[in-house]
Amino acid sequence: MSARSFNKLLHNLGVQYKQVNQWLLYQKYQASGYTQSETFEFRRSDGRVDVTMRSKWTQKGRLFLYELLKKNGYFPTIEKQFA
């Protein structure tokens with residue numbers, strides 16, 4: 001699954017929403033420690049250096065996603081092979 005599809009799926013499952021090019025967790029999940037925001041520096045095509053914020057999933061967040069996706073019928077490829 002592509003990152004774009006995955007983010008859309010999490011949006012449809014009520015986990016996150018997009019605001020100014022950054023995916024943020026809905027209030028229900030914000031204080032759960034599932035993500036951390038970090039500053040990301042990049043170079044634009046015209047050579048200028050710019051900075052943006054991005055969210056990263058913590059280990060606790062990855063475990064939450066694993067359980068949430070399983071509960072909704074989405075299984076990792078490796079688990080499908082042995083089912």
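Out of 44, 48, 62, report the one residue that is among the charged types (D, E, K, R) and within 16 Å of the chain's Cα centre (by Cα). Criteria check complete, one pass: 62. Evaluated against (1) modelled with pLDDT under 95; (2) among the aromatic types (Phe, Trp, Tyr); (3) surrounded by 13 or more Cβ atoms within 10 Å (Cβ to Cβ), residue 82 falls short on exactly one condition, (3).
Would you check if there is a residue in region 30-43 being in a helix (DSSP H, G or I), closer than 19 Å to residue 7 by Cβ and not small (Gly, Ala, Ser)?
Within region 30-43, the subset in a helix (DSSP H, G or I) is 30.
Retained after the next criterion (residues that are closer than 19 Å to residue 7 by Cβ): 30.
Next, only the ones that are not small (Gly, Ala, Ser) stay: 30.
Checking region 30-43: at least one residue is in a helix (DSSP H, G or I), closer than 19 Å to residue 7 by Cβ and not small (Gly, Ala, Ser).
Working only within region 34-66, note down all residues that are surrounded by 10 or more Cβ atoms within 10 Å (Cβ to Cβ), farther than 13 Å from residue 23 by Cβ and among the β-branched types (Val, Ile, Thr). Scanning region 34-66 gives a single hit, 58. Taking each residue of region 35-59 that is of a type in the set (Asp, Glu) and looking for partners that are not in a strand (DSSP E or B) with beta-carbon atoms closer than 7 Å, six or more apart or interchain, yields 50/44. If you go through region 7-33 and keep only what is loosely packed, with under 11 Cβ neighbours inside 10 Å and either closer than 24 Å to residue 73 by Cα or free of Cβ contacts under 8 Å to residues at least 12 places away in the same chain (or both), you end up with 12, 19, 20, 27, 28, 31.
The values are calculated or read from the model by the stated rules, or taken from the named source; none is laboratory data. If you're wondering where the values come from, they're calculated on a predicted model, not measured in any experiment. Here Cβ is always computed from backbone atoms with ideal geometry, including for glycine, and neighbour counts include all displayed protein chains.
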